[in-house]
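See structure below.
Since every read-out is calculated from the coordinates, none of them should be taken as a lab result. Small disclaimer: the values here were computed from a predicted structure and weren't measured. Don't worry about glycine lacking a Cβ; one is built from the backbone with ideal geometry, like all the others, and counts go over all protein chains shown.
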Amino acid sequence: MIIEIGHFSLILALILALVQSVVPVIGAARRDNAMMAVAPAAALGQMLFITISFGALSHAYLTSDFSVLNVFENSHSLKPLLYKFSGLWGNHEGSMLLWVLILAIFGGAVAAFGGNLPKTLKANVLGVQGWVSVAFLLFILLTSNPFLRIADNPPLEGRDLNPVLQDPGLAIHPPLLYLGYVGFSISFAFAIAALLEGRIDAAWARWVRPWALAAWIFLTAGIAMGSYWAYYELGWGGFWFWDPVENASLMPWLAGTALLHSALVMEKRNALKIWTILLAILAFSLSLLGTFLVRSGVLTSVHAFASDPTRGVFILGILCVFIGGGLSLFAWRASTLQQGGLFAPVSRESALVMNNIFLTVSAAVILFGTMAPLLASAMGGAISVGAPYFNTVFGPLFGAMLVIMPFGPLLAWKRGDLRAAAQRLWAVLGLAILASLVSWWLTHGGPVMAMVGIGVAFWVLIGSFAELWTRARFLEVGVATGFRRLSGLPRSVFGTAVGHAGLGLSLLGIVATTSFQSETITEMKPGDTAKVGGYEVTFNGMTNQAGPNYTEMAANMTVRENGVEVFDLKPSKRMFTARQMPTTEAGIKTHGFSQLYITLGDPGQGADSVVVRMWDKPLVTLIWLGALVMMAGGMLSLSDRRLRVGAPKPARLTTAAGSSS
Amino acid sequence: MLLWTIFALLTAAAALIILLPLMRSRASANMDRAQEVAIYKDQLQELDRDRSRGLIGETEAEAARTEIARRLLAAGTATDDTVPARRSLRLPAAVATVMLVPFAAIGLYLTFGSPDLPDLPLSARLQGQPTDTNVNDMVARVEKHLETNPDDAEGWKVLVPFYMRAGRFDDAASALSKIIALGKATDDDREAYGEALVANNDGIVTKDAQAVLEQVVKADPDRPKARYYYAEGLRQSGDNAGALAQFDELIKRSPADAPWLEVVRGKRKDVLAALKMPADTKEPDTLPPLDPPEATMAPDGKGPTAADMQAAAGMSAQDRGSMIAGMVQQLADRLAANPKDPDGWVKLMRSYMVLNRIDDAKAAYQKARDALKDDAATLQTLDAAAKELGVN
């Protein structure tokens, strides 16, 4: 009965979404208060019903109710509890349900906290949210219904979840990524609402930036988590493969980052309005494209759970309606919007425009590289676009952006002084060159490109704090006064510094790992010792053990440094009984910011021998720690009082606060 | 009924969610601009803060201040752009809602939903009494129990007969091997293990099977089934003399009216022919007939009981023979449908040779050659296999 209530609730949610997408929009056009008031009620109702629906499916998963087709196909009674629950979205139907749940939560949030929005804007925004909801709820009910049942004598055991997905990563990565993707639907809804109304209120910018920022934080976390998961689970030791599904998440991230920066200009200086609207449409379009690439089955990957042509066509339809419709509306209505403030060629506004150009061009380049093979194969040809393309095209573009990045925060609004900014950065340049020379000495003369990369990483890392340094004026006013001056700064200034520094950290990790990692691939039999980096690894033999739903062959490895035993590692291979699928579990030991990474390959020629792949990866964790730091920067910025949605407070409170930041 | 009551309540809630704001709010809006004014005021204060921190130059700040002030004035003096009283659409909207919500919801649900199906959580299903005498269901329950308790030999023993009857010989063999590994196996189980292995290999007695069968025959000489397969294994490996001795031993230990004697005598003839001995070589005497069946226990308590006999008869040599023949026929059918399978053809030829159906083996060889004639390399392997099996 619970399952059927969940199914019925999903249908009611669709109907509420239908009402939400029609009535308030008509109401806004006719200035009809009653009809506009339907929007928040319907959005909250939709959230309630989708939550019931999600709860019902969770219940079916947790109780291993194999009369539900979706549970039978993706669960197993012996799975640990966490994977029973996270397995809900480890498949196509369930993950779409999570998608609409998050969409409904965002819509509910706008409804609940949007009391200070102009009424027509709120009605239109929720109306557009309703359109997106209708599209995806219809998609679920018509092509991907997770509530279908097995009527006759349902099986007593399920087919189990793909073993690669039986990992805590599944509980975290998809929800974060979806929070990011779906978060951009809010900026999209605001953009479309502004185009519908033909004007942009001051409230518009106040709302768009925090939502874009929140979505960006989630997307950053989702991508970083996905990258780390692939790194430790797939056993290749790589952190980014330029795989189309990875690109599918990187593109909205780049567009979203651009949106974040242009929304800043718009909020503070009322400029770049039209551009911001276009970016809001693009960021969500790229999110939808990502969903299409991953969900339609045009790509073969661990993310593409099932390929069903009708689904692909349906999502393609959704894609065309929203992207095509959004861009057409933009082309038609953008000219009616008022242009904003003016600024000089050298100014913080211009610096942010530069950032936008680099980011959107990067996104375009990746879009081309991702779509070209698909389009070619659709037309019968075959092109393969791999890492070399992305590295040679994306690398320099992004690198150039990083080089100019520290200048931005040092320039004043409206008209900046480039020479003054450059003077402040001389010291940073010196430190970056010094860092690069030190690493050259440490690595006994490493490759030149690696030295340049490390220099750029330190340039970004140190340069991010140049603004704080100049604001504090430690050298002139002393340490104590300097800190007092710092504490008076708004949090968003710290957010900028920390966010940019995070990017520098990630870059440092990437350069160090790709240039200086040591790799050993060798066949070992018990008793053998192999060297990797500064370590000697001894293979002591295999142990067999059994997990709840798998059997495992673990290799006992002792790692020594200069003959002294430092730690043990147990890389293993698991065989999952239900699907008869093997997985590799890498043995990973973090030392400092670096990691020793060992995986088992196939059995070797001799008895008991096995092929072992070992890497010592210097500073590899910085790649993901950098992302965490970026997120922290985003959160600092989000916590800035001025950004708190609709909380204009008297000025006396601002000066009093501050020591906390 | 409860389900539909809940549906009705949920539907009513959904309709009310839409109707309440439609009924309660004032229809005509006056668009107040207070919100916008507050934001512009806040922007002015922010500008002052930026100025005091040197984030913006004095002239630029002045320009921005003028710009914001201009917008502030515009917002403050804007007349409320209330649209002059048009007929409100709230009533049509409300009516449409009342119509749409229940009808669309029920309509869609009846299309996609399964209102008759209850929830079936696994734990409740396993605890509850089996609702029907579905054997597969029972087997699945035991299997599920064994997944978590793989050391329960009795559980495996329950499954073996089901597996054998369902023709799931590989499952039967693995269940029996587990019983043996647990040290709980009787000679019955070992005998069944040998039989399952043979059945699983389309009648061919593999090395593993032969080892088990030999063990059983040595432990208990009065096991006709085990001895039969043991002898057959010797015959298949080319030890015709050994096979003859075993067949003779089997006849000697069988009652005169044992149902398997016919098959054994047939096999014995094949062995004699292979040894180039006369077909009427004298066979040993059998035991006296077991009739009447009331004698449930052999007098000395050692011989097979009537129950044993019946069990063996349940899987009589005829049945066994027809079962094997059936499996071979299946293979032949499969190859007829899908002839590009050199391994399958070799398997079929071997089966026919083992069953002594030489003509069928030759026919199969011919068909295989026809089917695979495009592939010289495969043809060569096929010829080699045929030669080795003695097909031509």
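The table that follows gives values for the structure above.
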quantity: Sequence-distant residues sharing a close amide H with residue A:532 (under 5 Å, placed H); calculated: A:537
quantity: Ordering of B:5-12, A:240-247 by packing [mean C-beta count within 10 Å, highest first]; calculated: A:240-247, B:5-12
quantity: For B:156, A:624, order by how many other beta-carbon atoms lie within 10 Å, fewest first; calculated: A:624, B:156
quantity: Pairwise label distance in nanometres, residue A:427 with residue B:343, each label 7 Å out on the Cα-Cβ vector; calculated: 7.4 nm
quantity: Magnitude of the charge dipole, the protein assembly as shown, Cβ model with Lys/Arg +1 and Asp/Glu -1, debye to 20; calculated: 5520 debye
quantity: Burial order of peptide ranges A:382-388, A:454-460, B:56-62 (average beta-carbon count within 10 Å, highest first); calculated: A:454-460, B:56-62, A:382-388
quantity: Built amide H within the under 5 Å cut-off of residue A:149, gap 5+; calculated: A:69
quantity: Shape of the range B:34-77, Cα gyration tensor, a/c cut at 1.5; calculated: oblate
quantity: Protection-proxy order for peptides A:466-472, A:161-167, A:207-213, each taking the mean of Cβ atoms within 10 Å per residue, highest first; calculated: A:207-213, A:161-167, A:466-472
quantity: Cross-link pairs B:178/B:218; A:268/A:414; B:178/B:225; A:573/A:617 - those with Cα-Cα distance over 18 Å; calculated: B:178/B:218; B:178/B:225; A:573/A:617
quantity: Chain A: C-alpha gyration tensor shape, a/c 1.5 cut-off, then a/b vs b/c; calculated: oblate
quantity: Relative contact order (percent, whole number), chain A, Cα cutoff 8 Å, 6+ residue spacing; calculated: 11 percent
quantity: Paramagnetic reach from residue A:321 (point 7 Å along Cα→Cβ, amide N under 19 Å) across the range A:20-35; calculated: A:20-26
quantity: Per-residue average of Cβ from other chains inside 10 Å of B:99-112; calculated: 4
quantity: HN-Hα J in Hz across the range A:563-569 - Karplus 6.51, -1.76, 1.60, θ = phi - 60°, x for Gly and Pro; calculated: x, 9, 5, 10, 6, 10, 10
quantity: For the range A:518-617, with +1 on Lys and Arg beta carbons and -1 on Asp and Glu, the positive-most of A:603, A:577, A:553 along the dipole; calculated: A:577
quantity: Peptide-level mean, for A:17-26, of C-beta atoms on other protein chains within 10 Å; calculated: 3
quantity: Shielding by partners, peptide B:89-95 (average Cβ within 10 angstrom, other chains); calculated: 4
quantity: Helical segments meeting 30 Å axial Cα length and Kyte-Doolittle 1.0 threshold in chain A (DSSP H); calculated: A:2-29, A:33-62, A:92-113, A:119-143, A:168-197, A:273-295, A:348-378, A:418-442, A:491-516
quantity: Part-to-part distance (alpha-carbon centres) for the range A:172-227 and the range A:22-61, which is given in Å; calculated: 19 Å
quantity: Centroid-to-centroid separation of the range A:548-592 and the range B:340-361 [C-alpha atoms, Å]; calculated: 47 Å
quantity: Alpha-carbon centroid distance for the pair the range A:95-150 / the range B:176-254, whole angstrom; calculated: 68 Å
